[in-house]
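Taking it in order: structure first as structure tokens, then the write-up.
Nothing in this text is a laboratory measurement; each read-out follows from the coordinates by a stated rule. All figures in this text were calculated on a predicted structure; none of them were measured in a lab. Backbone-built Cβ (ideal geometry, glycine too); neighbour counts: all protein chains shown.
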Amino acid sequence: MNQVKTTVLLTLMSLVVLFTAQTLGYNLIFSITFAAIFNFLIYFYSGKIALSSTKAKEITEGEYEDVRGIVKYLTQKEKMPMPSLYIIENDQPNAFATGRNPKNASIAVTTGILKVLNNDELEGVLAHEISHIKNRDILVSSIAAMLASTISFMSRSVLWGGGNRNRNTHPLFFIIALIAAPLASVIIRMAISRTREYGADRTGSDISGNPLALASALEKIEAYSKLPMNVNPAVSQLFISDPLKALSGGGMRKLFSTHPPTAERVRRLREDASGIRYG
């Protein structure tokens, strides 16, 4: 069901792209090509960018054997390549996966998560990250980013004389394309991110076979979320829990959040464990 939701959201964003291009008088092929080239470069180097920005250090043989052993077991179980493993020196318990495909994937964990979680909970978190790799969520996120960038490019450049607006276009449609469309693209992109997190929770708990362990891990991670973590907002959506949550405001925050509420994620996992399957 999460795959269906993602497809629907990407389709909706594509329609917003078409509306914006038509209303502002842009060559759609040119705009998408421009955004695609830009985002392809980010996608191709996304792993290195994320690891560098978090100051992650690669785990070598003999280090953190508990992490290596769990990841090796889970990837062999799923018949997936072994990802590179990294450690981040930070007390906030967190983790993320990155890489353009399963053969070029990496998983990073903080020192904080190794202190807080027990072995079963750690396995649940690592299974969640492996599921992001398995589901190619970095690719999905890159497609969403490309579409959002196309809308942003057209809306911003029209202020500098770009586009070729049809004189018959109603002014209201023009305002919607200029202001509402970029806002809508951000909201849809965040919704896609939340959907992929739910999907990784589901797939991850299937991989580990223990949804309650992941639920317990998420609760512990939430309890320590106020610990500071200096992370570039551009990569915060990669983490299993938003590392900048403590800096987020209220009000409309949920609409623009990259992650679903922890309480809802835990509730779904517990219902999965009881045999009630969520859509």
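Observations, loosely collected:
- Neighbour-count order for TYR198, TYR73, TYR26, fewest beta carbons within 10 angstrom listed first: TYR73, TYR198, TYR26
- Three principal axis extents describe the C-alpha atoms of the chain; from largest down they are 66, 38, 36 Å.
- Here the residues SER131, SER274, SER84, ranked from fewest to most Cβ neighbours within 10 Å of their Cβ, fall in the order SER274, SER84, SER131.
- Applying a threshold of 26 Å to the alpha-carbon distances of LYS115/LYS226; LYS79/LYS226; LYS48/LYS79; LYS79/LYS220; LYS79/LYS115; LYS57/LYS245 flags LYS79/LYS226; LYS79/LYS220; LYS79/LYS115 as lying beyond it.
- Whichever lysines have a C-alpha closer than 24 Å to that of LYS5, once near sequence neighbours (fewer than 8 apart) are set aside: LYS134, LYS254
- Think of it as helices only: each DSSP H run of n ≥ 4 in the chain is worth -39500 (n - 2.57), and spread over all residues that comes to -19000 deg cm²/dmol at 222 nm.
- Cross-link partners of LYS77 among aspartates and glutamates (Cα-Cα below 14 Å; sequence separation of 8 or more within a chain): GLU123, ASP206
- Percent RCO, i.e. relative contact order, over the stretch 1-129, from Cα pairs under 8 Å lying at least 6 residues apart: 20 percent
- Normalised contact order of the chain, rounded percent, pairs of Cα under 8 Å and 6 or more residues apart: 25 percent
- Residues ILE175, ILE221 arranged by fewest to most Cβ contacts within 10 Å: ILE175, ILE221
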